[in-house]
Amino acid sequence: MKNILVTGGAGFIGSNFVIYMLEKYDSYRIINLDKLTYAGNLENLKAVENHKNYSFIEGDIADHQLVEEIFKNHDIDYVINFAAESHVDRSILEPEIFIKTNILGTTNLLNAAKKHWQEGDSFKSGKKFIQVSTDEVYGSLGETGYFMETTPLDPHSPYSASKAGADLVVKSYFDTYKMPVNITRCSNNYGPYQFPEKLIPLMIHNALNKKPLPVYGDGMNIRDWLYVEDHCSAIDMVMHNGRLGEVYNVGGHNERPNITIVKTIIGYLNKNVDSSITEDLIKYVEDRKGHDRRYGIDPQKIKDELGWYPKTNFETGIVKTIQWYLQNAEWMKNVTSGEYQNYYKKMYDHK
Ligand code: NAD
Ligand code: TDX
């Protein structure tokens, strides 16, 4: 048995990853450390909460004593660090917590792993720290070209700056101590359990409630979409076969302008759920500050080195995703009550 410390495992990608790993392997014990912020939700993990190889610890990755205790009590073999403040719009409103969790929290995890994994000048074999990062650290593309692992970092939002900062700290632990690490940089994920502050679940939720669909700017900003399960399989491969110290970009060449995504969701709901859901709901609103124009990943390295490829194309993935939200109306109702209402008012009511 090997022990994986998954942080942020009650969030969108983390919970999908925990379920993916427990379904695929018998040989891993997963310890999920999550602070249960507004984005963390144990309902996401109902399917595995009693699994013999799963346990949950509520707490902060920046809590030195707690993280030290976890490393002392469990022989941790891998850390997969998903825990983060992850929403760009929130980082524009309140940057400090992004610096604390994303940079200081990551450094705290690195220190504990280093302390328990280091033997003299080298590290015990079979250990690895994986930092789950984002394509946003590369900044914004023009109409052509793609982000490669060698593209210079040029983050624009407090969120992406904090992720770039964390990446550099992780890299420095490899460069300085030869600590076994990998960094993955993935494009926009979509799928089950995504919090409805992000474009796709927010548009599905609003459309079903006949609320305006707030499209920032001209709606022509481009994102490169990846179905969450394909991201999980990429992390699985990097965990097992990624060359130490390397960065791997993860993306499936699924670039779409935001307005196309919104119209695709409306089209599906109009045809299959309620014909009064139409494009009249679209409301062009004030642009996001510092809004990156285009993201596009070149995934050649992870394909060539690790044989990864995405299994779900956008047309299939978006239908599966919309259907999941339709079938999980109770989940959506629960996450959109309480704090969410205040956030929504603060973010959108003046737009
Ligand atoms: P999310 O916001 O849905 O989940 C984040 C989780 O981290 C939540 O469960 C939250 O409770 C937990 N958390 C936050 N602060 C914590 C702390 N201090 N200590 C412990 N737990 C804490 O985010 P997500 O969309 O699942 O993203 C997961 C990771 O993947 C993040 O690191 C993000 O930067 C990265 N990423 C996300 C995307 C995307 O499209 N969503 C794309 C690329 C990379
Ligand atoms: O109401 C909206 N209207 C709108 O036009 C929202 C919430 C978003 N948008 C636009 C902004 C972006 O161009 O849609 C695009 C996608 O926005 P988000 O879902 O907020 O994602 P993004 O800012 O691209 O960042 C996401 O992908 C990279 C994740 O939130 C990050 O955690 C990840 O690192």
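The values are calculated or read from the model by the stated rules, or taken from the named source; none is laboratory data. Everything quoted here is computed from the prediction, not taken from an experiment. Note that each Cβ is placed from the backbone with ideal geometry, even for glycine, and that neighbours are counted across all protein chains shown.
Scanning segment 1-36 for residues that are closer than 21 Å to Leu110 by Cβ and β-branched (Val, Ile, Thr) yields Ile4, Val6, Thr7, Ile13, Ile30, Ile31. For Glu149, the test of being at pLDDT 95 or above and within 26 Å of Phe195 (Cβ to Cβ) is failed.
The residues on offer are Ile70, Ile76, and the sole one that is hydrophobic (A, V, I, L, M, F, W, C), away from ligand 2 (no atom under 16 Å from the Cβ) and under 18 Å from Thr101 (Cβ atoms) is Ile70. Name the pairs: first residue in segment 211-233 and in contact (Cβ under 8 Å) with a residue 24 or more places away in the chain, second residue small (Gly, Ala, Ser) and part of a helix (DSSP H, G or I), Cβ to Cβ under 9 Å, at least 6 apart or on different chains? Matching pairs, first to second residue: Leu213/Ala207; Trp225/Gly317; Leu226/Ala234; Leu226/Gly317; Tyr227/Gly317; Val228/Gly317; Glu229/Gly317; Asp230/Gly317.
Of the residues making up segment 1-31, those that are within 8 Å of ligand 1 (Cβ to nearest atom) and part of a loop (DSSP other than H, G, I, E, B) number 4.
Flag not set for Ser160, criterion: more than 10 Å from Ser133 (Cβ to Cβ), within 11 Å of ligand 2 (Cβ to nearest atom) and surrounded by 22 or more Cβ atoms within 10 Å (Cβ to Cβ).
Can you name every residue in segment 73-83 that is surrounded by fewer than 24 Cβ atoms within 10 Å (Cβ to Cβ) and in contact (Cβ under 8 Å) with a residue 24 or more places away in the chain? Within segment 73-83, His74, Asp75, Ile76, Asp77, Tyr78 meet the criteria.
Selection over segment 125-169 of residues that are more than 12 Å from ligand 1 (Cβ to nearest atom), outside any strand (DSSP E or B) and within 15 Å of Asn111 (Cα to Cα) gives a count of 3. Going by the structure shown, is Glu315 within 16 Å of ligand 1 (Cβ to nearest atom) and of a type in the set (Asp, Glu)? Judged against the criteria, Glu315 is not a match. For segment 204-263, a residue qualifies if it is away from ligand 2 (no atom under 12 Å from the Cβ), surrounded by fewer than 18 Cβ atoms within 10 Å (Cβ to Cβ) and in a loop (DSSP other than H, G, I, E, B), and the qualifying residues are Asn209, Lys210, Arg243, Leu244, Gly245, Glu246, His253.
Whether a residue is within 25 Å of His240 (Cβ to Cβ), within 16 Å of ligand 2 (Cβ to nearest atom) and at pLDDT 95 or above was assessed, and Gln131 passes this test. Has segment 314-331 got at least one residue that is over 27 Å from Tyr38 (Cα atoms) and surrounded by 14 or more Cβ atoms within 10 Å (Cβ to Cβ)? Yes, that holds for at least one residue. Ile97 fulfils the conditions (1) near ligand 1 (Cβ under 10 Å from one of its atoms); (2) among the aliphatic types (A, V, I, L, M); (3) touching a residue at least 24 places away in the same chain (Cβ under 8 Å) except for a single criterion, (3).
Only one of the numbered conditions (1) among the polar types (S, T, N, Q); (2) under 21 Å from Pro180 (Cα atoms); (3) surrounded by 22 or more Cβ atoms within 10 Å (Cβ to Cβ) is violated by Ser86, and that is (2). For residues that are among the β-branched types (Val, Ile, Thr) and touching a residue at least 60 places away in the same chain (Cβ under 8 Å), scanning just segment 234-261, find the one that is nearest to Leu141 (Cα to Cα). Out of the qualifying residues, it is Val250. Here is the figure for segment 176-211: residues that are closer than 16 Å to Tyr343 by Cα and either modelled with pLDDT under 95 or away from ligand 1 (no atom under 16 Å from the Cβ) (or both) total 2.
Within segment 216-223, does at least one residue satisfy the condition of being near ligand 1 (Cβ under 10 Å from one of its atoms) and more than 17 Å from Phe17 (Cα to Cα)? Quick ask: steps written out before the conclusion?
Here is the first cut: in segment 216-223, the residues near ligand 1 (Cβ under 10 Å from one of its atoms) are 223.
Those left that are additionally more than 17 Å from Phe17 (Cα to Cα): 223.
Taking every residue of segment 216-223 in turn, at least one turns out to be near ligand 1 (Cβ under 10 Å from one of its atoms) and more than 17 Å from Phe17 (Cα to Cα).
Determine whether Lys46 is over 28 Å from Asn328 (Cα atoms), of a type in the set (D, E, K, R) and not in a loop (DSSP other than H, G, I, E, B).
Working: over 28 Å from Asn328 (Cα atoms): no; of a type in the set (D, E, K, R): yes; not in a loop (DSSP other than H, G, I, E, B): yes.
Considered against the rule, which asks whether it is over 28 Å from Asn328 (Cα atoms), of a type in the set (D, E, K, R) and not in a loop (DSSP other than H, G, I, E, B), Lys46 comes out as no.
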